[in-house]
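Trainee: Sharing a structure, written as structure tokens. Questions coming.
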Amino acid sequence: MGGAFPLRVADLLFTDETLLVPEYRYLTPLFGIARSGSQSVADAAVERFRAEGVAGLLELANRTHRIEYDDVERVHLYGGRSFGRPKLAVDVASGPPYAYRIHAPVEIPRLRGALTGLGARRGFEVTYHSTLGFSPLKSVRRFLADR
């Protein structure tokens, strides 16, 4: 999930060719999150992926960011500690990073290993931080850039 307000449900798809970030729906705290809106969007995305693959997810999305690996400088994985959700931030050559909280169950060491391997093949660095990964200044920059 990304964004400041309203929040956006998204997937980060690290394909062989490019990083695709389909964003599916905006959620407000009262009408989206409190009513399990993120789970219903996630369930719809899983069904679409099973039926149609990546193309189905891109069709389902309200918008999709396409980030070429040549533009990716670094991927930060934040563990979130014991009281926060993990976060993935993608630093790009132009503009503020793309950043998303991970709401799906994930094994951080396995995700870190997969991203590190991909980064070695595609030419970007992967860093791990055990912190929450919250920066008010970076959040404002992402908000202003609509990321």
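The values are calculated or read from the model by the stated rules, or taken from the named source; none is laboratory data. What you see is a predicted model, and the numbers here were worked out from it, not measured in a lab. All Cβ positions, glycine included, derive from the backbone under ideal geometry; neighbour counts span all protein chains shown.
Trainee: Considering segment 67-122 alone, what residues qualify as being exposed (fewer than 13 other Cβ atoms within 10 Å of the Cβ), of a type in the set (Ser, Thr, Tyr) and assigned to a strand (DSSP E or B)?
Mentor: none
Trainee: Yes or no: segment 72-91 includes at least one residue that is closer than 16 Å to LEU19 by Cα, in contact (Cβ under 8 Å) with a residue 24 or more places away in the chain and among the hydroxyl-bearing types (Ser, Thr, Tyr).
Mentor: Scanning segment 72-91, I find no residue that is closer than 16 Å to LEU19 by Cα, in contact (Cβ under 8 Å) with a residue 24 or more places away in the chain and among the hydroxyl-bearing types (Ser, Thr, Tyr), so the answer is no.
Trainee: Would you point out the residue of segment 6-30, among those that are at pLDDT 90 or above and of a type outside the set (Val, Ile, Thr), that is nearest to ALA104 (Cα to Cα)?
Mentor: That would be LEU12.
Trainee: Take the residues in segment 82-133 that are within 20 Å of THR15 (Cα to Cα) and of a type in the set (Phe, Trp, Tyr), then tell me which one is farthest from the chain's Cα centre (by Cα).
Mentor: Filtering first and then ranking leaves PHE124.
Trainee: Which count do you get for residues in segment 92-124 that are over 26 Å from VAL41 (Cα atoms) and of a type in the set (Val, Ile, Thr)?
Mentor: Of the residues in segment 92-124, 2 are over 26 Å from VAL41 (Cα atoms) and of a type in the set (Val, Ile, Thr).
Trainee: Right, something else. What pairs come up if the first residue lies in segment 46-67 and is touching a residue at least 12 places away in the same chain (Cβ under 8 Å), the second is surrounded by 13 or more Cβ atoms within 10 Å (Cβ to Cβ) and among the acidic types (Asp, Glu), and their beta carbons are under 6 Å apart, counting only those six or more places apart or on different chains?
Mentor: ALA61/GLU23; ASN62/GLU23; ARG63/GLU23
Trainee: Starting from segment 112-131, keep only residues that are under 15 Å from ASP91 (Cβ atoms), then list their pairs with residues that are of a type in the set (Val, Ile, Thr) and not in a strand (DSSP E or B) whose Cβ atoms are within a distance under 6 Å, requiring at least 6 positions of separation or different chains.
Mentor: Note: pairs meeting the criteria are VAL126/THR116.
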